[in-house]
Amino acid sequence: MVKKLIILILIFSISLFSKVIIINESGFNLNIDSNLFDKSNDFVVINIFSVEKELIQSKKVEFYPDRYGNYIYYNGDYYYTSNRQRYSYNPKNDRFIVDNKYGQYVYASHFYWARNEKQKYIKSSFYKKYEKTIKEEYYYISGYVVEISYENLFLKSFTPFVFKVRSLSDINQQLMNLNKNLNKFYPDKIDIVVHFDEKIPEKLKAFLLANLQEDNRYNIYDRKYLYYIFEELRLRDLIGNQIELKFRVPEYIISVKNISNYQENTTQDEVLFFRNDMNGQYLSNGYKVEVGKYYSFDGKNYIPDRENGNYVKILNFIWKKERYTTFSNFYDVISVDNLKYTNIYYSILLNVIETKTARVIFSKYLEKSLHFPEIRILDRFKSYETESKIDSLLNLYKSFSSDIKNLLKKAFPLSSMVKKVEKLNVELYDGENIGIKRGQVFRISDDHWTEGYLKITNVFGTSSSGDIFYLLDEKIEKFSLASEAFEYPLRVGISTMIGLSNFEEYYLLFNIRNLDIKGNDNFSVGFGIFSDYYTFEISKRIWIFDAILRLYFKEESFEFLPALRINTAKKYSLFSNEIFGFFLDISQKGFSSGIVFGF
């Protein structure tokens, strides 16, 4: 009877013991449903380390169609008009007439930069301006879901989250929609444990672990939840449901230590420029100009020329001797005094420590800073929105974690061997088992000699394959070493040709070059500038000759003509794309010669 009672108590204890642990460090009451992850065969932790509340305020200026509105739409923006009439165009008399029933045109009464009166008539509806202030309160729920293998204490999945919600009750729905950041255990992967300084923010920890998990080249081991896991293992062992522990000592410790961090608030005056094509008073360089008046220069004087003038008169900077300048666009200026800014500085030290020897085999100091305003002015109508400090910090942490992931890639580059070669298709002996992913590039080498570069397109459990996109040797040999490449040649290049045409006129050509698998020019497209015309060309390289089909154009005239160019430009070395040489261009227009350089 006593034996049966003990068995019943043990079974009851097991039914009460959950494999899902919920840790809420936020101080908020969150009703999280642990059954969301009860189908997992692993140890699951849902850790909520912070809940932050933030008020986001904005002012929006919007425009809605309204027959009695005072605004019209032109060139992507809205402008005020005092004229509410509609007009139709009479081509016979070349004039606009009032037509409030069917007219498609409106009159822009404040279009001071119009070149003529006719340009003030534009196709538009009438709009009314509305302003509204919006206040929205959000909760940022930050945490992560981690699944840990009972057998080897390996992190099978680590998925951080920052839920931006209106209500705390939305958390279960958000967790249901969470996509797990999975990682598969393979004995061939690098075994690591990540150690964080206590000053490292929890969000940065979560994002970094997720990035390393996603990188797929590591077996990441847990130390934080060992107490809970061993409690579960002891309970299972007590009832005879034993699990064989296959824990491996990690080869490396990734240490992340905070060096310094500080935050300060400052104020500064801000001057913002917003484009205003109708009556803007400023140029983008800060010049205030005489609105609505164009000028031409006849060699001695600036004379008013509304139709064709390409100069405007400067009103400020009175000490400048030259009072006229060319222009591109016109702007309104909005000044904001004592705008509050938040400045955040953060630095960390990254160390990779070999566990067997306790040697630091890789070290890097990283620092980042943030500088953002309390509000951002969005347009010339002074719409604004408050800047989220929480979002800004999240972006900082994500940037840090991404940088660390990329640095550790170079500390632990992947390597394999060539298993099979079929023309330009190469298969490697490794795949998911070491963390190879599609899109990665490998340098194929034999006895330190680079044979070519491989881009992975297919990945399997213990193999992967792809195509050689850059070949330096005659062929790829079986059993050659494949090393992960972070810098590699490109199959596209840019070059510039500078010279003289017919001994006296300048010649300038910009080329975008397509390279063959050996890195030599295949064909190119280019845009050229001669003294009195422009060209567009397509060329095909044959040895040192470029066969060219060239379009010559000037104002409204153009013609197609063939051309031939002797081009001696070549790469400095097999391993770089930089080129230099000379050219001689021959066509019916004459000849040009000069130098070629590019990459």
**Request:** Take Phe63 and decide whether it is on the phi < 0 side of the Ramachandran plot, of a type in the set (Phe, Trp, Tyr), buried (at least 17 other Cβ atoms within 10 Å of the Cβ) and at pLDDT 90 or above.
**Result:** yes
**Request:** Return only the number of the condition from (1) at pLDDT below 75; (2) touching a Phe, Trp or Tyr at 6+ places or on another chain (Cβ under 9 Å) that Ile23 does not satisfy.
**Result:** (1)
**Unmet requirement for Lys368, which otherwise passes all of (1) over 30 Å from Phe412 (Cβ atoms); (2) assigned to a strand (DSSP E or B); (3) of a type in the set (D, E, K, R)** = (1)
**Request:** Return a yes/no flag: does the range 79-101 have any residue that is touching a residue at least 24 places away in the same chain (Cβ under 8 Å) and touching a Lys or Arg at 6+ places or on another chain (Cβ under 7 Å).
**Result:** no
**Request:** Sort out which residues of the range 68-93 are open to solvent by 40 Å² or more (accessible area, probe 1.4 Å), closer than 14 Å to Tyr121 by Cα and of a type in the set (Ser, Thr, Tyr), and write them in order of number.
**Result:** Tyr73, Tyr74, Tyr80, Ser82, Tyr89
**strands (runs of 3 or more DSSP E) lying entirely in the range 510-599 (those with 1 or more residues that are acidic (Asp, Glu), modelled with pLDDT under 85 and open to solvent by less than 80 Å² (accessible area, probe 1.4 Å))** = 521-530
**Fill in**
From the option list Asn41, Asn83, Asn93, single residue qualifying as in a loop (DSSP other than H, G, I, E, B), in contact with a Ser or Thr (Cβ under 8 Å, 6 or more places away or on another chain) and over 21 Å from Arg275 (Cβ atoms) is Asn83
**Request:** Identify, from the list Gly431, Gly461, the residue that is modelled with pLDDT under 95 and either of a type in the set (Gly, Ala, Ser) or within 29 Å of Glu354 (Cα to Cα) (or both).
**Result:** Gly461
**Pairs with Cβ under 8 Å, 6+ apart, first in the range 351-366 and closer than 14 Å to Asn258 by Cα, second among the hydrophobic types (A, V, I, L, M, F, W, C) and open to solvent by 80 Å² or more (accessible area, probe 1.4 Å)** = Asn351/Val360; Tyr365/Ile259
**Item:** Candidates Asp546, Asp585, Asp532, filtered to the one that is acidic (Asp, Glu) and touching a residue at least 40 places away in the same chain (Cβ under 8 Å)
**Value:** Asp585
**Message:** Kindly evaluate Asp277 against the criterion of being over 30 Å from Ser363 (Cβ atoms), open to solvent by less than 60 Å² (accessible area, probe 1.4 Å), of a type outside the set (S, T, N, Q) and not in a strand (DSSP E or B).
**Reply:** yes
**Request:** Could you list, in sequence order, all residues of the range 418-443 that are among the aliphatic types (A, V, I, L, M), farther than 30 Å from Leu204 by Cβ and in contact with a Leu (Cβ under 6 Å, 6 or more places away or on another chain)?
**Result:** Val426
**Asked** Consider Leu55 against the criteria (1) hydrophobic (A, V, I, L, M, F, W, C); (2) surrounded by 11 or more Cβ atoms within 10 Å (Cβ to Cβ); (3) touching an Asp or Glu at 6+ places or on another chain (Cβ under 8 Å): it satisfies all of them except one. Which criterion is unmet?
**Response** (2)
**Message:** Conditions first: (1) open to solvent by 50 Å² or more (accessible area, probe 1.4 Å); (2) assigned to a loop (DSSP other than H, G, I, E, B); (3) not aliphatic (A, V, I, L, M). Asn316 passes all but one, so which condition is the exception?
**Reply:** (1)
**Item:** Subset of the range 369-386 [closer than 18 Å to Asn343 by Cβ and open to solvent by less than 50 Å² (accessible area, probe 1.4 Å)]
**Value:** Leu370, Phe372, Pro373, Ile375, Thr386
**Message:** Report every pair of residues separated by at least 6 positions or lying on different chains whose Cβ atoms are under 6 Å apart, first residue within the range 126-149 and among the charged types (D, E, K, R), second part of a loop (DSSP other than H, G, I, E, B) and modelled with pLDDT of 90 or more.
**Reply:** Lys128/Asp66; Lys128/Gly69
**Message:** Yes or no: the range 107-115 includes at least one residue that is more than 30 Å from Ile48 (Cβ to Cβ) and over 42 Å from the mean Cα position of the chain (by Cα).
**Reply:** yes
**Prompt:** Can you name the residue in the range 403-430 that is open to solvent by less than 40 Å² (accessible area, probe 1.4 Å) and of a type in the set (Gly, Ala, Ser) and is also nearest to the chain's Cα centre (by Cα) among such residues?
**Reply:** Ala411
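The values are calculated or read from the model by the stated rules, or taken from the named source; none is laboratory data. Source: prediction; values computed, not measured. Glycine gets a Cβ as well: all are built from the backbone with ideal geometry, and neighbour counts include every protein chain shown. Note: areas computed on protein heavy atoms with side chains; ligands, DNA, RNA excluded. Shrake-Rupley method; radii C 1.70, N 1.55, O 1.52, S 1.80 Å.
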